[in-house]
Amino acid sequence: MPQPLQFTTDQGEQVIIEIGEEPGKEAHGDASDFPQEHDVSWEAALQGVRIGVRALLNTLREGADSPDEVRIEFGIRVTGSAGAIIAANPNDGQFRATVGYLRAVSLELE
């Protein structure tokens, strides 16, 4: 049964995300009335995803043989124990995102 999970933003606002049951975790009370509060901020929970995606993007665009364009599509899954993680499948999370890089093309005029 889905459970609400509450995060607080760095500005003090509340974000509530519906998460699925986690293996080994037991639901407490009526989930619709009592969201579980996460102990890190919303931004801190997303930081690992940001770092991972940035590192992948930078690795793919570096080097002499790098492509002119890189697009990465991924899912973000929010869990009670790990916070936000990159989902195994782009469609396997509460959020779906695409980031990309397009190399600037310089034209030489003669």
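Coordinate-derived values only; no laboratory data. These numbers were taken from a predicted model, which means no experiment stands behind them. Counting neighbours? That spans all protein chains shown, and the Cβs are built from the backbone with ideal geometry, glycine included.
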Sequence ranges 60-69, 34-43, 94-103, ranked by mean other-Cβ count within 10 angstrom, highest first: 34-43, 94-103, 60-69
Vicinal HN-Hα couplings computed from phi for region 90-104 (Karplus, 6.51 cos²θ - 1.76 cosθ + 1.60; Hz; Gly/Pro x): x, 8, 9, x, 6, 10, 10, 9, 10, 10, x, 9, 10, 5, 5
Amide H within-cut-off set for Q94, under 5 Å, with H built and near neighbours excluded: I76, R77, V78
13 Å beta-carbon shell around N91, net charge (K/R +1, D/E -1): 0
Length-normalised contact order for region 3-102 - Cα pairs under 8 Å, 6+ apart - percent: 24 percent
